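Reading through the structure tokens given below for one structure.
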Amino acid sequence: MRILQKVKDSFGLYTTTDIHEPSQARPASEVVDILQIPAFLCRQTDLLIASAQTRCIINIKKAQFLDGKDMQYPAEKVADSGNRHILLTERGSLFGMGRLVVDVTQIIDMKALGYPVIIDATHAVQRPGGMGNRSGGKREYVPYIARAAQAVGIDGYFFETHPNPDDALSDGPNMIPLALMEGLLTDLLKR
């Protein structure tokens, strides 16, 4: 939290972090602007309600096993708790063993729910268990996933980046190298 506070203070940026338990909602909300609900936890009522009660923006990532239309229910739990500051995030669906795919019709279905929809283009190219004891990924696919989402009217993008993704402690194989981020963002914003 201290690091996120320093980023927020130094650069004036909105900050976000995952939370995994209802007890983490209030302390995290004292620093971050957006509480992110991880995909595997998107149906956890207590977590959604605790998050909603902070008045932060709540970013709910769609579980890999959930249909886009069914994101109505997690969103309703947050809205019914008095918080309409909701983002829904697509990050791919599980297809077979160890592969995620993005079905852009899921984005269309989520947009019909009336909330902004974000594409998590880096997690969408993750290969769970793809490196044996850890997740792999195909970072070279990230720009294509982002552009496909753009074609159906995505409202925003989520990217993980690192100066040297191969040295990152987590999710390195699906991260965009920091040196390539400006070019990717410039390309997406000019379209």
(Q) Exactly one condition in (1) in contact with a Leu (Cβ under 7 Å, 6 or more places away or on another chain); (2) among the hydrophobic types (A, V, I, L, M, F, W, C); (3) over 26 Å from A124 (Cβ atoms) is false for I49; which is it? (A) (1)
Q. Going by the conditions given, is R43 touching a Pro at 6+ places or on another chain (Cβ under 7 Å), basic (K, R) and without any contact (Cβ under 8 Å) to a residue 40 or more places away in the chain?
A. yes
Q. In this structure, does A146 turn out to be among the small types (G, A, S) and open to solvent by less than 70 Å² (accessible area, probe 1.4 Å)?
A. yes
Q) If we keep just the residues of the range 152-191 that are part of a helix (DSSP H, G or I) and in contact with a His (Cβ under 8 Å, 6 or more places away or on another chain), which is surrounded by the most Cβ atoms within 10 Å (Cβ to Cβ)? A) N174
**Q.** Members of the range 25-65 found to be assigned to a helix (DSSP H, G or I) and either open to solvent by less than 20 Å² (accessible area, probe 1.4 Å) or in contact with a Ser or Thr (Cβ under 9 Å, 6 or more places away or on another chain) (or both), listed by number
**A.** A25, R26, A28, S29, A39, L47, L48, I49, A50, S51, A52
**Q.** Residue satisfying condition, being within 13 Å of the chain's Cα centre (by Cα) and either within 19 Å of L41 (Cα to Cα) or not in a strand (DSSP E or B) (or both), within set L88, L113
**A.** L88
**Q.** When residues of the range 85-98 are limited to those that are at pLDDT 85 or above and not hydrophobic (A, V, I, L, M, F, W, C), the one surrounded by the most Cβ atoms within 10 Å (Cβ to Cβ)
**A.** E90
(Q) If I ask for residues that are aliphatic (A, V, I, L, M) and at pLDDT below 90, which ones from the range 108-167 would you list? (A) M131
Q) Going by the conditions given, is V101 in contact with a Lys or Arg (Cβ under 6 Å, 6 or more places away or on another chain) and either open to solvent by less than 60 Å² (accessible area, probe 1.4 Å) or more than 19 Å from M71 (Cα to Cα) (or both)? A) no
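The values are calculated or read from the model by the stated rules, or taken from the named source; none is laboratory data. Keep in mind the model is a prediction, meaning the values are calculated, not measured. Cβ sites come from the backbone with ideal geometry, for glycine too, and all protein chains shown count toward neighbours. All accessible areas refer to the heavy atoms of the entire protein, side chains included, with ligands and DNA or RNA removed. Shrake-Rupley method; radii C 1.70, N 1.55, O 1.52, S 1.80 Å.
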